[in-house]
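A.B. asks: Before I ask anything, here is the structure I am working with.
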Amino acid sequence: MKLGYTIIYVADVPATVAFYETAFGLTQRFVHESNLYAEMDTGDTALAFAADSAAEMNGLAFAPNEKAAVPAGWEICFVTDDVAGGFAKAVEEGCTPVTAPETKPWGQVVAYVRDMNGCIVEIASPIDQVRD
């Protein structure tokens, strides 16, 4: 098996797509006409958003992502050579800062924000730079 895509359930798919375009510089790859599902162009593995109601249609129950709630126990990570710049842009565009960029003991630079839905987003330098 291989990871095909990650889906984050959100209250408003089009607004989340627009937010990720401005906050993280992503581009949409696909938005279904129903606005219940969208994919962002993130490389080999897509980041997708589906409406909370789509999860319910599939018989799934979950605690909805909400900005004011404690975040769920997962995160997504965007890799960049400019963590400080990515962090600043994300915060400028509406992300809530969690931790500013810091160098971890293994040499990777990492920062955390929460998106408009309260989801944790890591912004990190490439790990392969640490391994070299």
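The values are calculated or read from the model by the stated rules, or taken from the named source; none is laboratory data. Predicted model, so just to flag it, every value in this text is computed and none were measured. As a convention, Cβ positions derive from the backbone with ideal geometry for all residues, glycine included, and neighbour counts pool all protein chains shown. Calculation scope for accessible area: heavy atoms of the full protein, side chains included, ligands and nucleic acids excluded. Shrake-Rupley method; radii C 1.70, N 1.55, O 1.52, S 1.80 Å.
A.B. asks: Could you pull out every residue, at least 5 positions away or on a different chain, whose amide H is within less than 5 Å of the one on Val98? Hs are placed 1.01 Å off N in the peptide plane, and Pro or chain starts have none.
C.D. replies: Placed amide hydrogens put Tyr112, Val113, Arg114 under 5 Å from Val98.
A.B. asks: Also: Taking the Cβ of Gly73 as the centre, find all other residues whose Cβ is under 14 Å away and add up their charges (Lys, Arg: +1; Asp, Glu: -1).
C.D. replies: -1
A.B. asks: Sort Glu93, Glu122, Glu66 by heavy-atom solvent-accessible area, probe 1.4 angstrom, most to least.
C.D. replies: The ordering from most to least exposed comes out as Glu66, Glu93, Glu122.
A.B. asks: Step through the residues of region 56-73 one at a time and calculate ³J(HN,Hα) from phi using the Karplus curve (6.51 cos²θ - 1.76 cosθ + 1.60, θ = phi - 60°), rounding each to whole Hz and writing x for Gly and Pro.
C.D. replies: 4, 4, 8, x, 9, 10, 7, 7, x, 6, 9, 4, 8, 8, 5, x, 5, x
A.B. asks: If you wrap a convex hull around the alpha carbons of the chain, what volume per residue comes out, as a whole number of Å³? Please report the intermediate quantities before stating the final value.
C.D. replies: Numbers: hull volume 16.7 nm³, N = 132.
Dividing the Cα hull volume of the chain by its residue count gives 127 Å³.
A.B. asks: Step through the residues of region 31-41 one at a time and calculate ³J(HN,Hα) from phi using the Karplus curve (6.51 cos²θ - 1.76 cosθ + 1.60, θ = phi - 60°), rounding each to whole Hz and writing x for Gly and Pro.
C.D. replies: Each residue's phi maps through the Karplus curve to give 10, 5, 4, 6, 6, 8, 8, 8, 10, 9, 7 Hz.
A.B. asks: Leaving ligands, DNA and RNA out of it, report the carbon-plus-sulfur percent of the accessible area of the chain at a 1.4 Å probe.
C.D. replies: Exposed carbon and sulfur together represent 54 percent of the surface.
A.B. asks: Top to bottom by accessible area (1.4 Å), largest first, where do Phe30, Phe19 land?
C.D. replies: Reading off the accessible areas and sorting them downward yields Phe30, Phe19.
A.B. asks: All other residues with a Cβ under 13 Å from the Cβ of Asn117 taken together, and with Lys, Arg as +1 and Asp, Glu as -1, what is their net charge?
C.D. replies: Residues close to Asn117 contribute a combined charge of -3.
A.B. asks: Next question. Give me the angle, in degrees from 0 to 90, between the Cα long axis of helix 13-24 and the longest principal axis of the Cα atoms of the chain, rounded to the nearest 10.
C.D. replies: Between the helix axis and the principal axis of the chain, the angle is about 10 degrees.
A.B. asks: What's the longest uninterrupted piece of the chain once you rule out the trypsin sites (Lys or Arg not before Pro) that are loop residues per DSSP with at most 15 other Cβ within 10 Å?
C.D. replies: Excluding the exposed sites themselves, the longest stretch runs over 68-132.
A.B. asks: Around Pro101, with a cut-off of 15 angstrom between Cβ atoms, what is the net charge of the other residues, counting Lys and Arg +1 and Asp and Glu -1?
C.D. replies: Once positives and negatives cancel, what remains is -3.
A.B. asks: Then there's this: Roughly how many debye, to the nearest 20, is the charge dipole of region 69-132 about its Cα centre, given +1 on each Lys and Arg Cβ, -1 on each Asp and Glu Cβ, and no other charges? Mind showing how you got there, number by number?
C.D. replies: On the way: 4 positive and 10 negative charges, 36 e Å.
Using only the charged Cβ atoms, the result is roughly 180 debye.
A.B. asks: Next up: Pull up the cross-link candidates among the lysines for Lys89, meaning alpha carbon to alpha carbon under 24 Å and not fewer than 8 places away within one chain.
C.D. replies: Candidates past the 8-residue exclusion: Lys67, Lys104.
A.B. asks: Right, here's the next one. Once amide H atoms are placed 1.01 Å from N in the peptide plane, what residues at a sequence separation of 5 or more from Thr80, or on another chain, have their amide H within under 5 Å of its amide H?
C.D. replies: Those lying under 5 Å, H to H, from Thr80 are Ala124, Ser125.
A.B. asks: Another question, then. Let me have the relative contact order for region 1-107, percent, based on Cα pairs under 8 Å that are six or more residues apart.
C.D. replies: 26
A.B. asks: Further question on the same structure: Among bridges DSSP assigns within the chain, what percent are antiparallel (round to 5)?
C.D. replies: Antiparallel: roughly 60 percent of the beta bridges in the chain.
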